[in-house]
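Participant: What follows is a structure written as structure tokens; I'll ask about it next.
The values are calculated or read from the model by the stated rules, or taken from the named source; none is laboratory data. All values reported here derive from a predicted model rather than from experimental measurement. Please note: Cβ atoms are built from the backbone with ideal geometry, for glycine as well, and neighbour counts cover all protein chains shown. Ligands, DNA and RNA are stripped out before the accessible areas are found, and what is left, the full protein with its side chains, is counted by its heavy atoms. Shrake-Rupley method; radii C 1.70, N 1.55, O 1.52, S 1.80 Å.
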4 protein chains.
Amino acid sequence: MRAYVKTAAGPGEQLLKVPLPEPPDAGEVVVKVKATSICGTDLHIHLWDGWSAIRVKPPRIMGHEFTGEVISIGPGVSAVKVGSCVTGESHWTCGYCLQCRLGQQHVCAQTKILGVDVDGCFAEFVKVPQGSLWVNLPDVPTKLACIQDPLGNAVHAVMSGPVAGCRVAVLGCGPIGIFAVAVARSAGASHVFATDLSSYRLKLASELGADETGHPQSDDIERLSQAQTNGIGFDAVFEMSGAPAAIRQAMRICRRGGRVVLMGIPSSRVDLDIAEDMIFKGLEIQCVVGRRLYQTWQTMHELLASGRLNVLPTITHELPFSELPEGMELMRRGECGKVVFHAD
Amino acid sequence: MRAYVKTAAGPGEQLLKVPLPEPPDAGEVVVKVKATSICGTDLHIHLWDGWSAIRVKPPRIMGHEFTGEVISIGPGVSAVKVGSCVTGESHWTCGYCLQCRLGQQHVCAQTKILGVDVDGCFAEFVKVPQGSLWVNLPDVPTKLACIQDPLGNAVHAVMSGPVAGCRVAVLGCGPIGIFAVAVARSAGASHVFATDLSSYRLKLASELGADETGHPQSDDIERLSQAQTNGIGFDAVFEMSGAPAAIRQAMRICRRGGRVVLMGIPSSRVDLDIAEDMIFKGLEIQCVVGRRLYQTWQTMHELLASGRLNVLPTITHELPFSELPEGMELMRRGECGKVVFHAD
Amino acid sequence: MRAYVKTAAGPGEQLLKVPLPEPPDAGEVVVKVKATSICGTDLHIHLWDGWSAIRVKPPRIMGHEFTGEVISIGPGVSAVKVGSCVTGESHWTCGYCLQCRLGQQHVCAQTKILGVDVDGCFAEFVKVPQGSLWVNLPDVPTKLACIQDPLGNAVHAVMSGPVAGCRVAVLGCGPIGIFAVAVARSAGASHVFATDLSSYRLKLASELGADETGHPQSDDIERLSQAQTNGIGFDAVFEMSGAPAAIRQAMRICRRGGRVVLMGIPSSRVDLDIAEDMIFKGLEIQCVVGRRLYQTWQTMHELLASGRLNVLPTITHELPFSELPEGMELMRRGECGKVVFHAD
Amino acid sequence: MRAYVKTAAGPGEQLLKVPLPEPPDAGEVVVKVKATSICGTDLHIHLWDGWSAIRVKPPRIMGHEFTGEVISIGPGVSAVKVGSCVTGESHWTCGYCLQCRLGQQHVCAQTKILGVDVDGCFAEFVKVPQGSLWVNLPDVPTKLACIQDPLGNAVHAVMSGPVAGCRVAVLGCGPIGIFAVAVARSAGASHVFATDLSSYRLKLASELGADETGHPQSDDIERLSQAQTNGIGFDAVFEMSGAPAAIRQAMRICRRGGRVVLMGIPSSRVDLDIAEDMIFKGLEIQCVVGRRLYQTWQTMHELLASGRLNVLPTITHELPFSELPEGMELMRRGECGKVVFHAD
């Protein structure tokens, strides 16, 4: 089969002919990939940043976002059938550590990531454990089915506390930030404010339901926040950028007794005024990673299948699998929302 | 001023000239009523049912749903100003019992109800404690501002647990049931099923966002429920009818691990299969009364003011204050949603 | 190996020589049973009541409460090692239904019960799936390790809401009720009231930490409840008897805004005053079955291993495995707490 | 009456004869102070630090921790009676802002603090609003009744999430930290680790129930934490010191998916490794200030009155009111737990 493989330490990847996955063992499933998409992590591996150099051991088939059809199942598989239309959860958890036993699989310390620690889905077929698959309802279009792994990050972040009737802010409108805007709207947020340095992304945020947008360099975000909340601050702030300044801002524009969700990953240490901006305000800070397995998927999938959550405009490009490098380049230039590749 | 007064034990009420309320004492506020509406409780008092005969001590000005403008305030009032546009919470709580101290004022045992235990708002002016008033944002039309007390019941019921991405059923589509349909939709429910014996009301439920409706006599509600939930049952069931059969049905159509909200008041004892229908299914049963003071109001008001929650179609009649008896008659015949009376 | 087998439909069981379990398949584990204990369910099967006659298909090795040592593991087993000291969770869940995916495995509709639907642990060896095992910390004595399955019911019930600083009542002091008394005390309940028809059990409840006890026939339970709570009612009531009168009482002695946990299984329908006793009081009713998998086990095991929770007095009899019929007879006569059998 | 008054900007205070409080107005209450105690804030005002210089406007009677007897009440007072034995909550909230209406009075932006913004309780009598008083049950000794305001901080922090069966750490064993140790034990924590730079305080922590203690300079706190938690980390960490190093440590010794409570106030900005220590671990960070009004008081009072929570050893000194300056000096030297002053 064809697959994009990181063949050696360093930037880039190669489209190669590689052997089909071995037949599925107990609990394993082979899926024919119908669509795949690119995550920021894939771009990091493509560019071979510091994190990739430490974590990824070539040769490795890349990619972790996909949807497809089950074509064979190993012994003892009951979660899916041959023919099931499935989407993959990229984080494979151990199932038996304390966190897994407590229903906190999303922070399992033994997590393996598809396309990072094991061979991924930038390929015609992929072999995964049954427990990592979500069976889609028939109503979800392939391209939406494909992007549920990253959409799930936004659902997890937004749904970790009250949303209906709340005024919320989303700082950082990369794909997950834009998703957060849409999710907040579908769950009844009464006002959504979105910020980003890119006008392209702010426009996308408006299209997905942001009531107001702000540009951290040309606007006074704190003043705008006050104006939109009668001087009280937002009930919830979703920090999706990872920028230290935005993290500090998140604390400041959140109202006393509100919640701040930290999901954007800062690349350096961040200094905070913990006394004034956090403790005296009685904030609740939720540090959110991955998706709740599988509460997040259930909520997300219901919202998608019912049409309550419309994230179609976030998919700005659809390309054939053979043009994955072109998509990677779009990602690098930031001139896109999600880029989805269909099997060709 | 003019006021509708229950002058003596027995059916009916009289439109009388009565003295204006006394000037407000410490913490009290006088409101000029701009609109008022009828609740089922008012109809009970009008008809003088068993409960009324025990609870209401004539002479008593009736009515508890209203919106209006503050025209005078007593010493120490800080919650509102002269000119504030307010809506009244009908339940006046003691503030200092265990429940009030724990944030459960809605079950304060010393609660006094406007128009039941003290003189009400079917009048040109009404005097109330400042703590029972909600200050409206400017964006809410008078007739919507008026019906927040009963709308709040639905918001309380629906928001007492997860809604976004959930499949829910509403049993009983009187005004509060219809409100519950709308609230569930605005908070992201992925599917809403509504039942009632009246086709008029089912049509209203559809208009407010019900995805499917069922008639308990001509439809097999349990079979319909299975069909709408892949045989699993609803994530949440809101019982708004008080009918014993519906209460039993609520338990049966709820999925294992789901939640059932009981809000409709049965007029007799109800026998249940607690083993099969409740314990083995691990249900969570929430018995809900009144509104959370004032979390419910905050959520509701944000949803209304932002336009996320549209309940305008529930207001089927608007009449001048002088025609309140006609509205009472509409209520008696069940040929209406909410009936709102404007000051004349 | 020796095993107690229900050989045919009808009362009783036989101690037989049966083949050892087959070698473990993928994900399976064989455990050498070090201790086992009798549950009320075992007694029902022993006596062959209506439920047993429908559910149990002889021949069947009985028993579901056990602790032991892992002696062999199948392929892919990572949760335990040979030599691990484990206790079995009796409910084997499917892992992939909606409830399992949402972290509500305790209400999985495909649950298989050890000793009921599959061969059980009243035997020298038992084969189970790795996911049903809990690895014990070294500090827990064998007899305590053995009774965690039923103790977990009490932990689940008590810990489903606030306990610290709460005044609570436990209605029904069979083993799980007595456990609930101890668990409530260890979690900081400020007052524990226990009721039962048996003086033997009330004495045991006092020993485990009940502050007061009441006898439903000779005492006025409602009056006693008022007296112990300044007339307010209990913050939480744990109904462990299944008696219809006690279920109604649970609603009445719970305070407005309090929670009632229903765990005792009534054998007939129960009629309730839902209006007065439940809705107007704003009760939260939790219907609780089994154990949260595995949050309950983690909490329980920590409490046991740390010595914070002392339930040793509940184990009133320890017998060799060969005397299991004598233990069954003790259970039948109700002259015991938990009866534990050690391998001989 | 006699009162300790900050007469002018600068260190120190004077014991003066001052007029009795004015007769109570609507909703007000005059209390005869039976006991009072010193908080760290009082010491700051005594020493006149930067915060005091900005916030406190002399002349001001100091002090905010007290218990006493109600001797007169203003019109409309229903929460207490003449003769009620009460303790004061030091934070007076507005009652009508968004936070107050949502049950988050502890972060009301209009809060006035007794002895800081209004005349305090280092006096023979003090006048307060009825809503700031807690009526004590008869079983609580005066000296314990007196220290509930600071004890409540610990109860609020510890009870903001699960405790029973959890392994917890308390960083910083000033009075509130030591209280946290005791509260965690009374609520069923399975293991309590306490750290402080003072051996005196660590000894006190052990006396109150800490299972292990560590000294941040002579011990390797992270290694000790690993050893006490099987390498997993603590379920909950209560940061009570405000030291930047301890705040960072709190994040590191907390397990993946655990909770960190920040209550100690750092005097400078703190830099954190948000990516590694917080987000990837999926931590929940609760910034906690004051007490939940009045859920915290209810829980605390029940624990105290029932004897489940024993904090007597934290009261290391009892002095007559006239020796308050000696107590202030003990506080300054850190050679004490709580110092309580009895009326003389």
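Participant: Do the conditions hold for B:Val126, that is, is it farther than 24 Å from B:Leu312 by Cα, open to solvent by less than 30 Å² (accessible area, probe 1.4 Å), part of a strand (DSSP E or B) and touching a residue at least 12 places away in the same chain (Cβ under 8 Å)? Spell out how you get there, then give the answer.
Facilitator: Working: farther than 24 Å from B:Leu312 by Cα: yes; open to solvent by less than 30 Å² (accessible area, probe 1.4 Å): yes; part of a strand (DSSP E or B): yes; touching a residue at least 12 places away in the same chain (Cβ under 8 Å): yes.
Answer is yes for this residue.
Participant: Pairs, please: C-beta under 9 Å, at least 6 apart or cross-chain, first residue more than 17 Å from C:Leu262 (Cα to Cα) and in region C:273-294, second charged (D, E, K, R) and assigned to a loop (DSSP other than H, G, I, E, B)?
Facilitator: Final answer for the pair search is C:Ala275/B:Arg269; C:Leu293/C:Glu89; C:Tyr294/C:Glu89.
Participant: Can you tell me which residue among D:His64, D:His91 is in contact with a Ser or Thr (Cβ under 7 Å, 6 or more places away or on another chain), more than 24 Å from B:Pro129 (Cα to Cα) and crowded, with 18+ Cβ neighbours inside 10 Å? Before the answer, list the steps.
Facilitator: On the way: D:His91 fails: more than 24 Å from B:Pro129 (Cα to Cα).
None of the others qualify; the one that does is D:His64.
Participant: Hey, could you check region C:286-297 for residues that are out of contact with any strand residue (DSSP E or B) (no Cβ under 7 Å at 6 or more places or on another chain) and more than 7 Å from every other protein chain (Cβ to nearest Cβ) and say which is surrounded by the most Cβ atoms within 10 Å (Cβ to Cβ)?
Facilitator: Step one: filter region C:286-297 for residues out of contact with any strand residue (DSSP E or B) (no Cβ under 7 Å at 6 or more places or on another chain), giving C:289, C:291-293, C:295-296.
If we keep only those that are more than 7 Å from every other protein chain (Cβ to nearest Cβ) as well, we get C:291-293, C:296.
Values: C:Arg291: 27, C:Arg292: 22, C:Leu293: 24, C:Thr296: 24.
Among them, the one singled out is C:Arg291.
Participant: Oh, and also: What is the number of the single condition among (1) surrounded by fewer than 23 Cβ atoms within 10 Å (Cβ to Cβ); (2) facing another protein chain (nearest Cβ under 8 Å) that A:Met300 does not meet?
Facilitator: (1)
Participant: Can you go through C:Ala245, C:Ala236 and tell me which one is under 21 Å from B:Ile285 (Cα atoms) and buried (at least 24 other Cβ atoms within 10 Å of the Cβ)? Steps first, answer last, please.
Facilitator: Working: C:Ala245 fails: buried (at least 24 other Cβ atoms within 10 Å of the Cβ).
Checking each option against the conditions leaves just C:Ala236.
Participant: Could you look through region C:229-275, keep only residues that are of a type in the set (Asp, Glu) and within 19 Å of B:Ala250 (Cβ to Cβ), and pick out the one that is nearest to the other protein chains (Cβ to nearest Cβ)? Talk me through it step by step, then tell me what you get.
Facilitator: First pass over region C:229-275, keeping only residues of a type in the set (Asp, Glu): C:235, C:239, C:271, C:273.
Narrowing the set further to residues that are within 19 Å of B:Ala250 (Cβ to Cβ) leaves C:271, C:273.
On the way: C:Asp271: 4, C:Asp273: 5 Å.
The selected residue is C:Asp271.
Participant: Let me ask something else. Those residues that are open to solvent by less than 50 Å² (accessible area, probe 1.4 Å) and not hydroxyl-bearing (Ser, Thr, Tyr), I need them from region D:106-120; list them, please. Working first, answer last.
Facilitator: From region D:106-120, those open to solvent by less than 50 Å² (accessible area, probe 1.4 Å) are D:106-108, D:111, D:113-118, D:120; that's our starting set.
Passing the criteria: D:His106, D:Val107, D:Cys108, D:Ile113, D:Leu114, D:Gly115, D:Val116, D:Asp117, D:Val118, D:Gly120.
Participant: Does B:Asp139 meet the test of being in the same structural domain as B:Ser37 (by TED's automatic domain parsing) and either touching a helix residue (DSSP H, G or I) at 6+ places or on another chain (Cβ under 8 Å) or over 30 Å from A:His156 (Cβ atoms) (or both)?
Facilitator: Working: in the same structural domain as B:Ser37 (by TED's automatic domain parsing): yes; either touching a helix residue (DSSP H, G or I) at 6+ places or on another chain (Cβ under 8 Å) or over 30 Å from A:His156 (Cβ atoms) (or both): yes.
Spelling it out, B:Asp139 is indeed in the same structural domain as B:Ser37 (by TED's automatic domain parsing) and either touching a helix residue (DSSP H, G or I) at 6+ places or on another chain (Cβ under 8 Å) or over 30 Å from A:His156 (Cβ atoms) (or both).
Participant: Being within 14 Å of chain D (Cβ to nearest Cβ), within 21 Å of A:Glu302 (Cα to Cα) and open to solvent by less than 30 Å² (accessible area, probe 1.4 Å): is that true of A:Gly103 here?
Facilitator: On the way: within 14 Å of chain D (Cβ to nearest Cβ): yes; within 21 Å of A:Glu302 (Cα to Cα): yes; open to solvent by less than 30 Å² (accessible area, probe 1.4 Å): yes.
Yes; evaluated as a whole, the condition is true for this residue.
Participant: Right, something else. Take the residues in region C:141-159 that are assigned to a loop (DSSP other than H, G, I, E, B) and buried (at least 19 other Cβ atoms within 10 Å of the Cβ), then tell me which one is farthest from the chain's Cα centre (by Cα).
Facilitator: Selected residue: C:Met159.
Participant: Taking region C:106-131, which residues are closer than 19 Å to C:Val29 by Cβ and within 14 Å of chain B (Cβ to nearest Cβ)? Talk me through it step by step, then tell me what you get.
Facilitator: Applying the first criterion (closer than 19 Å to C:Val29 by Cβ) to region C:106-131 yields C:111-115, C:117-131.
Scanning region C:106-131 gives C:Thr111, C:Ile113.
Participant: Do we find a residue being in a helix (DSSP H, G or I) and within 14 Å of chain B (Cβ to nearest Cβ) anywhere in region C:52-73? Lay out the reasoning, then the answer.
Facilitator: Taking region C:52-73 first, the residues in a helix (DSSP H, G or I) are C:52-55.
This time we only want the ones that are within 14 Å of chain B (Cβ to nearest Cβ), so: C:54-55.
For region C:52-73, residues in a helix (DSSP H, G or I) and within 14 Å of chain B (Cβ to nearest Cβ): present.
Participant: Only residues in region C:97-121 that are without any contact (Cβ under 8 Å) to a residue 60 or more places away in the chain count as the first member; pair them with residues that are assigned to a helix (DSSP H, G or I) and open to solvent by less than 10 Å² (accessible area, probe 1.4 Å), Cβ under 8 angstrom, at least 6 apart or cross-chain, and list the lot.
Facilitator: Between residues of region C:97-121 that are without any contact (Cβ under 8 Å) to a residue 60 or more places away in the chain and residues that are assigned to a helix (DSSP H, G or I) and open to solvent by less than 10 Å² (accessible area, probe 1.4 Å), the close pairs are C:Gln99/C:Val107; C:Arg101/A:Trp297; C:Leu114/C:Ser132.
Participant: For region A:264-285, how many residues are closer than 17 Å to A:Ala180 by Cα and open to solvent by 20 Å² or more (accessible area, probe 1.4 Å)?
Facilitator: Counting residues in region A:264-285 that are closer than 17 Å to A:Ala180 by Cα and open to solvent by 20 Å² or more (accessible area, probe 1.4 Å) gives 1.
Participant: Restricting to region B:130-156, name every residue that is within 28 Å of B:Ile265 (Cα to Cα) and out of contact with any strand residue (DSSP E or B) (no Cβ under 6 Å at 6 or more places or on another chain). Working first, answer last.
Facilitator: Narrowing region B:130-156 to residues within 28 Å of B:Ile265 (Cα to Cα): B:131-134, B:143-156.
B:Gly131, B:Leu144, B:Pro150, B:Leu151, B:Gly152, B:Asn153, B:Ala154, B:Val155, B:His156 - these are the residues of region B:130-156 that are within 28 Å of B:Ile265 (Cα to Cα) and out of contact with any strand residue (DSSP E or B) (no Cβ under 6 Å at 6 or more places or on another chain).
Participant: Residue check: is B:Arg223 open to solvent by 10 Å² or more (accessible area, probe 1.4 Å), charged (D, E, K, R) and either within 10 Å of another protein chain (Cβ to nearest Cβ) or assigned to a strand (DSSP E or B) (or both)? If you could, list the steps in order and put the result at the bottom.
Facilitator: On the way: open to solvent by 10 Å² or more (accessible area, probe 1.4 Å): yes; charged (D, E, K, R): yes; either within 10 Å of another protein chain (Cβ to nearest Cβ) or assigned to a strand (DSSP E or B) (or both): no.
Against the criterion (open to solvent by 10 Å² or more (accessible area, probe 1.4 Å), charged (D, E, K, R) and either within 10 Å of another protein chain (Cβ to nearest Cβ) or assigned to a strand (DSSP E or B) (or both)), B:Arg223 does not qualify.
Participant: Another one. Looking at C:Cys173, is it in contact (Cβ under 8 Å) with a residue 40 or more places away in the chain, buried (at least 24 other Cβ atoms within 10 Å of the Cβ), part of a loop (DSSP other than H, G, I, E, B) and not assigned by TED's automatic domain parsing to the domain that holds C:Leu15?
Facilitator: Working: in contact (Cβ under 8 Å) with a residue 40 or more places away in the chain: yes; buried (at least 24 other Cβ atoms within 10 Å of the Cβ): yes; part of a loop (DSSP other than H, G, I, E, B): yes; not assigned by TED's automatic domain parsing to the domain that holds C:Leu15: yes.
Criteria met by C:Cys173.
Participant: Here's a follow-up. Within region D:189-218, track down each residue that is within 14 Å of chain C (Cβ to nearest Cβ) and either of a type in the set (Gly, Ala, Ser) or assigned to a strand (DSSP E or B) (or both). Don't jump to the end; show me each part of the working.
Facilitator: Initially, region D:189-218 is screened for residues within 14 Å of chain C (Cβ to nearest Cβ), giving D:189-193, D:209-212.
If the condition is that a residue be within 14 Å of chain C (Cβ to nearest Cβ) and either of a type in the set (Gly, Ala, Ser) or assigned to a strand (DSSP E or B) (or both), then D:Ala189, D:Ser190, D:His191, D:Val192, D:Phe193, D:Gly209, D:Ala210, D:Glu212 are the ones that fit.
Participant: Within region A:268-311, work out how many residues are at pLDDT below 95 and closer than 21 Å to D:Met278 by Cβ.
Facilitator: Within region A:268-311, residues that are at pLDDT below 95 and closer than 21 Å to D:Met278 by Cβ number 0.
Participant: Take the conditions of a type in the set (S, T, N, Q), surrounded by fewer than 20 Cβ atoms within 10 Å (Cβ to Cβ) and more than 21 Å from B:Val135 (Cβ to Cβ) and apply them to B:Thr7. Does it pass? Walk me through how you get there before you give the answer.
Facilitator: On the way: of a type in the set (S, T, N, Q): yes; surrounded by fewer than 20 Cβ atoms within 10 Å (Cβ to Cβ): yes; more than 21 Å from B:Val135 (Cβ to Cβ): yes.
Spelling it out, B:Thr7 is indeed of a type in the set (S, T, N, Q), surrounded by fewer than 20 Cβ atoms within 10 Å (Cβ to Cβ) and more than 21 Å from B:Val135 (Cβ to Cβ).
Participant: Does A:Val340 satisfy the criteria of being within 11 Å of another protein chain (Cβ to nearest Cβ) and in contact with an Asp or Glu (Cβ under 9 Å, 6 or more places away or on another chain)?
Facilitator: Working: within 11 Å of another protein chain (Cβ to nearest Cβ): no; in contact with an Asp or Glu (Cβ under 9 Å, 6 or more places away or on another chain): yes.
The answer is no for A:Val340.
Here is a yes/no grid of residues against (1) outside the structural domain of A:Leu102 (by TED's automatic domain parsing); (2) of a type in the set (A, V, I, L, M):
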position	(1), (2)
A:Ser241	yes, no
A:Cys254	yes, no
A:Ile274	yes, yes
A:Ile315	no, yes
